[in-house]
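Visitor: Sharing a structure here in structure tokens format.
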Amino acid sequence: KQIQEVLTYVRNKPLDLTNTSLDDLLSLTLENIDVPENIKIVSLNNNRTIQCDSDKLQIVLMNLITNSIEALSGKGTITINSDSTTNANIIEVIDDGPGISPEHLTKIFDSLFTTKSSGTGLGLSYCKSVVEQHGGSITTSLNPTKFTISLPRQVISNHM
């Protein structure tokens, strides 16, 4: 019940929207992550400005990148890429790790679902909540493991 109350509070806290440089957002995010020596982070095509709550989106990216680092078990590459369509800004976090088991794919965004011995099962649930609060979506695909965040180019409302 306490966890549900915290999640409800986090979900309902209004967004503080600003036009944010994705490059700057990634730099700030990576400053707060201990990246192992044999893990390479490649940033491609991230010189665009997006409208978002930069603090919340930084936590989303931190979760995704940290999960990728853990999945790589000390060696590999994480690629962060962005693109845009007429209506959306797309951010992709891709790693060349072993991937997510297909049977877990439908559950990974559920609150309290985790495959980690020390995990809470709240990280990806929080990511999904924040992205949806922005009016966007987050999806996962395999081979390679890729998390795709789609955010509307203009966030209409900050209440969901």
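The values are calculated or read from the model by the stated rules, or taken from the named source; none is laboratory data. As the structure is a prediction and not an experimental result, all values here were calculated from the model. Positions of Cβ are backbone-derived with ideal geometry, glycine not excepted, and every protein chain shown enters the neighbour counts. SASA here: full protein model, heavy atoms, side chains in, ligands and nucleic acids out. Shrake-Rupley method; radii C 1.70, N 1.55, O 1.52, S 1.80 Å.
Visitor: For the pair Asn81 and Ser137, what calculated FRET efficiency results from E = 1/(1 + (r/R0)^6), where r is the Cβ-Cβ distance and R0 = 22 Å, to the nearest 0.05?
Guide: 0.85
Visitor: Compute the length gained on full extension between Val42 and Glu103: take 0.36 nm times their separation in residues and subtract their Cα-Cα distance, giving the result in nm to one decimal.
Guide: Gain on extension, Val42 to Glu103, equals 19.1 nm.
Visitor: Moving on. Starting from the 7 Å offset along Cα-to-Cβ, what nm value, one decimal, do you get for the label separation of Ser21 and Thr49?
Guide: Once both label points are built, they end up 1.1 nm from each other.
Visitor: Using each residue's phi in segment 84-91, evaluate 6.51 cos²θ - 1.76 cosθ + 1.60 at θ = phi - 60° and report the 3J(HN,Hα) Karplus result to the nearest Hz, with x for Gly and Pro.
Guide: Computed from phi, the couplings for segment 84-91 are 8, 10, 4, 10, 9, 9, 10, 10 Hz.
Visitor: Roll a 1.4 angstrom probe over the protein heavy atoms and tell me the percent of accessible area of segment 27-109 that is carbon or sulfur.
Guide: It is 47 percent, rounded to a whole number.
Visitor: Could you give the nm distance between label points at Glu70 and Lys13, where each point is 7 Å from its Cα heading toward the beta carbon?
Guide: Going from the Glu70 label point to the Lys13 one covers 2.1 nm.
Visitor: Moving to a separate point now. To the nearest 0.05, how large is the calculated FRET efficiency for Ile90 and Asp34 if R₀ is 35 Å and r is the Cβ-Cβ distance?
Guide: 0.80
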